[in-house]
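So that we are looking at the same thing, I have put the structure below in structure tokens.
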Amino acid sequence: MSVVSLQLGQCGNQIGNELFSVISDDSNGPNRKKYKQCSDERFFYETSTGELVARSVLVDMEPKVISQAIAKASKSGRWRYGDKAHFSQKQGSGNNWANGFCVHGPRHEEAVEDLVRMEVERCDRLAGIFTMMSVAGGTGSGVGTYVTQRLRDIYPQSFILNQVTWPYGSGEVIVQNYNSVLTLSHLYQLSDAILVHENDTVHKICSQLMNIKHISISDVNKVIAHQLGSVLQPAYTADSPCHYSRNPIGELLSSLVCHPEYKLLSLCNIPQMSSTSLAYSVFNWPGLLKHLRQMLIASARMEEGIDWTVSVTSGGESMPNSRHKSFNSSLANVLILRGKDVSTAVTDGFKDPALYVPWLKTENSFCTWNSPIAFNGYEKSATLVSNNQSLLKPLDNIVRKAWNMFASRAYVHQYTKFGICEEDFLDSFTALEQIISSYTHL
């Protein structure tokens, strides 16, 4: 089964390019014939001349980033994008969600739908649609939301997983919080799940774990691509313990999204370090899993600076009993282990019923995927995809900042001139407040 990807806007196209590079490099390591076959079937198709072509559609309202992505892929010599699998225009969306959603999206929907349909028809079986986009700008957020809406109408039975990148809290665009609120509230109604990466967190990983002095957008995107690849590459699952899973998106979503009110997924990965440090590092499964479990409990996105004072009692209450030490409650977790001696890893710490909401059975809330193949140069690595409360604080911050602007009607006129009204803003705020309430009361 194959995954069709959509790279939307500058952010989505840059992350998508890095993701396919990671997948291609990882699959071409030694002693991984079946692994490569499964990965290639999932993400690429082969031409009559033996070239690997990404099952991806690139969309942006400006041509520059798409041209760069196509050139970079071709230069790799291992894979490329389809000759006609991209769509761009000469004018961007001006960092305005309404411009992307109400103007560019409807204007170009037929062209984009045809490109997606061509990729879907190339698949023997469609495992799902995976979109990559930012929530801060105009094209990724506005056009991306409109495209997702059309895909839901055209492929009502298919899985749709949206990977979204949240902007820096300090600000990239003055209206980024408006764009984020409008994007998230709409996607929540359309997508099967929303997998979130926060730029602030990834920036810290680059700085504190990767030891990068002058952090570029490319560095940030490489970390995100590494994390995504660690989830999407072939693995043995509970549903397919003897052969690599053929439906990664379907199994991921059926394991993590138990209720339509809870669709926010977070991701953390361990270890993460520079290639220089990696050459001199040794890891063992008990140590990796101990750190990863504490990252889950303490709502830490990386192993640096974990709060080890947060713990869970059998009754599900955090210790010490302080509001600031509150325990991060989960609906569901998928643990993905890759590398040497993976069969010896003991995952009992993640099966503790106290980690999960009481109205779900623990056996339905946790599952493990594994592969003996080392991922992307790491002899051992563990990835945790979670549906839990860890995104509450950043989501609440985005809504609060957007509401403060909306209360004074700042920049609202820039949105209403493209066809949305103040009631659309209010509906989006109401929807996100409901999501915040639902996760708060887990």
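The values are calculated or read from the model by the stated rules, or taken from the named source; none is laboratory data. What you see is a predicted model, and the numbers here were worked out from it, not measured in a lab. Positions of Cβ are generated from backbone atoms using ideal geometry, with glycine treated the same way; all protein chains shown enter the neighbour counts. Heavy atoms of the whole protein, side chains included, go into the accessibility calculation; ligands, DNA and RNA do not. Shrake-Rupley method; radii C 1.70, N 1.55, O 1.52, S 1.80 Å.
Using only Cα atoms, locate the centre of the stretch 342-392 and the centre of the stretch 197-213, then give the distance between them in Å, rounded to an integer.
About 23 Å separates the Cα centre of the stretch 342-392 from the one of the stretch 197-213.
Using just the alpha carbons, could you tell me how many Å³ per residue the convex hull of the stretch 353-407 encloses?
On the way: hull volume 8.4 nm³, N = 55.
Spread over its residues, the Cα hull of the stretch 353-407 gives 152 Å³ apiece.
Please give the charge dipole size of the chain, origin at the Cα centre, charges +1 on K and R Cβ atoms and -1 on D and E Cβ atoms. Round to the nearest 20 debye. Could you put the intermediate results ahead of the total?
On the way: 39 positive and 41 negative charges, 164 e Å.
Using only the charged Cβ atoms, the result is roughly 780 debye.
I'd like to know which of LEU126, PHE44, PHE406 lies farthest towards the positive end of the charge dipole of the chain, counting +1 on Cβ of Lys and Arg and -1 on Cβ of Asp and Glu.
Working it through, the farthest residue towards the positive pole turns out to be PHE44.
In a GNM of the chain with a 10 Å cut-off on Cα contacts, which of GLN233, GLN176, GLN37 has the highest mean-square fluctuation?
Greatest mean-square fluctuation among the candidates belongs to GLN37.
Hey, how many Å between the Cα centroid of the stretch 129-178 and the Cα centroid of the stretch 7-68?
Centre-to-centre distance over Cα atoms comes out at 20 Å.
I've got another one for you. Straight-line reach only, C-alpha to C-alpha below 20 angstrom: list the aspartates and glutamates that LYS204 could link to, leaving out same-chain residues fewer than 8 apart.
Leaving aside aspartates and glutamates fewer than 8 places away in the same chain, those within reach of LYS204 are GLU18, GLU172, ASP219, GLU303, GLU304, ASP307.
Also, quick follow-up: In percent, how large is the relative contact order of the stretch 291-442, given Cα pairs closer than 8 Å and 6 or more residues apart? Intermediate results must be reported in sequence, preceding the final value.
On the way: 195 pairs, mean separation 32.2, N = 152.
21 percent.
Along the positive direction of the dipole of the chain (beta-carbon charges: Lys, Arg +1; Asp, Glu -1; about the Cα centre), which of ILE435, LEU19, SER299 reaches farthest?
The one lying farthest along the dipole's positive direction is LEU19.
Taking the alpha-carbon set of the stretch 18-98, what are its Rg and Dmax in Å?
Here Rg and the maximum Cα pair distance are 14.9, 50 Å.
Straight-line reach from LYS351: which aspartates and glutamates fall under 15 Å, measuring Cα to Cα and dropping same-chain residues less than 8 apart?
GLU363
Could you tell me how many cubic angstrom of Cα convex hull volume the chain has per residue?
Hull volume normalised by residue count: 142 Å³.
Leaving out same-chain residues fewer than 8 places away, which lysines sit with a Cα under 19 Å from that of LYS36?
LYS340, LYS380
Follow-up. Net charge near GLY349, counting Lys/Arg +1 and Asp/Glu -1 over other residues with Cβ under 15 Å of its Cβ? All intermediate terms of the calculation are to be shown ahead of the outcome.
Values: positive: LYS290, ARG293, LYS351; negative: ASP348, ASP352.
Overall, the nearby charge balance is +1.
Any idea what the alpha-carbon Rg over 2.2 N^0.38 Å comes to for the stretch 367-442? Kindly include the intermediate steps, with their values, before the conclusion.
Details: Rg = 19.7 Å, N = 76, 2.2 N^0.38 = 11.4 Å.
Compactness ratio reported: 1.73.
Let me spell out the model: positive unit charges on the Cβ of Lys and Arg, negative unit charges on the Cβ of Asp and Glu, origin at the Cα centre of the stretch 1-85. What dipole size does that give, in debye rounded to 20?
Values: 12 positive and 10 negative charges, 48 e Å.
Computed charge dipole of the stretch 1-85: roughly 240 debye.
Using Cα springs under 10 Å in a Gaussian network model of the chain, which residue among ASN397, ASN99, ASN269 shows the largest mean-square fluctuation?
Comparing ASN397, ASN99, ASN269 in a Gaussian network model of the chain, the most mobile one is ASN397.
Given a 10 angstrom Cα cut-off, can you work out which residue in GLY305, GLY29, GLY138 is the most mobile in a GNM of the chain?
Comparing GLY305, GLY29, GLY138 in a Gaussian network model of the chain, the most mobile one is GLY305.
So for the chain, taking the charge dipole from beta-carbon charges (+1 Lys/Arg, -1 Asp/Glu), which of GLN68, GLN176, SER329 sits furthest toward the positive end?
Looking along the dipole axis, the top candidate is GLN68.
Order LYS361, LYS36, most accessible first, counting only protein heavy atoms with a 1.4 angstrom probe.
Values: LYS361 130, LYS36 60 Å².
Putting LYS361, LYS36 in descending order of accessible area: LYS361, LYS36.
From the alpha carbon gyration tensor of the stretch 149-232, can you work out the equivalent ellipsoid semi-axes (sqrt of 5 times each eigenvalue) and give them in Å, largest to smallest?
On the way: eigenvalues 154, 62, 13 Å².
Sorted largest first and rounded, they come to 28, 18, 8 Å.
With a 1.4 Å probe and every protein chain kept in, tell me what percent of the accessible surface of the chain is carbon plus sulfur. Mind dumping the intermediate values first?
Details: 9190 of 18530 Å².
C and S fraction of accessible area: 50 percent.
With every protein chain left in place, what is the accessible area of GLU304 in Å² (1.4 Å probe, nearest 10)?
The accessible area of GLU304 comes to roughly 100 Å².
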